[in-house]
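The values are calculated or read from the model by the stated rules, or taken from the named source; none is laboratory data. Keep in mind that what you see is a predicted model, and the values were worked out from it rather than measured. Cβ placement follows ideal geometry from the backbone for every residue including glycine, while neighbour counts extend to all protein chains displayed. Side chains are part of the model used for accessible areas, which takes the heavy atoms of the whole protein and leaves out ligands, DNA and RNA. Shrake-Rupley method; radii C 1.70, N 1.55, O 1.52, S 1.80 Å.
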Amino acid sequence: MIAGWLAKIVIVIALLGLAAVELGSPLWTRAQLDGIAHDAADDAARVHSDTRDWAKARQAAEDRAKAEGVVITDFQTPQPTNQNKIHVTVSREARSYVLHKFGPTKDWYHVSVEATAQP
């Protein structure tokens, strides 16, 4: 009798842990990406201020992103419409065991974050 209740408690705890990982993973990934995106944008702005070379600025952002294990999906240099700011967008797949396979929740696990910096 006690073993039955103990087994039920263990199963419930395991299911709650899985649910916490599945639902919390995109939020945790977004929090990580926010810092990485700002660091990459700041690196690009700093390199551009030093060298006045956009290619080197983009390379600095990509180096930061690569070191952190993320991908830069967009890098925009200042245009008159974006008020002289560098825009960097980084992305990463959030960890998932189940929900990334289903249509309604699949997009939750493709996490992208944009950051800006001024050279």
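Key figures for this structure:
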item: Residue list for segment 92-119, filter: open to solvent by less than 20 Å² (accessible area, probe 1.4 Å), farther than 25 Å from residue 54 by Cβ and in a strand (DSSP E or B); result: 111
item: Residue, modelled with the lowest pLDDT, within segment 66-78, restricted to residues that are surrounded by fewer than 18 Cβ atoms within 10 Å (Cβ to Cβ) and either outside any loop (DSSP other than H, G, I, E, B) or touching an Asp or Glu at 6+ places or on another chain (Cβ under 7 Å) (or both); result: 76
item: Residue in segment 22-33 that is among the basic types (Lys, Arg), open to solvent by 90 Å² or more (accessible area, probe 1.4 Å) and in contact (Cβ under 8 Å) with a residue 24 or more places away in the chain present; result: yes
item: Among residues of segment 14-53, those that are out of contact with any helix residue (DSSP H, G or I) (no Cβ under 6 Å at 6 or more places or on another chain), among the hydrophobic types (A, V, I, L, M, F, W, C) and under 13 Å from residue 118 (Cα atoms), counted; result: 2
item: Index of the failed condition, residue 48 passing every other in (1) in a helix (DSSP H, G or I); (2) in contact with a Ser or Thr (Cβ under 9 Å, 6 or more places away or on another chain); (3) in contact (Cβ under 8 Å) with a residue 24 or more places away in the chain; (4) open to solvent by 70 Å² or more (accessible area, probe 1.4 Å); result: (4)
item: Meets criteria (at pLDDT 85 or above, farther than 20 Å from residue 21 by Cβ and either more than 12 Å from the chain's Cα centre (by Cα) or not in a loop (DSSP other than H, G, I, E, B) (or both)) for residue 81; result: no
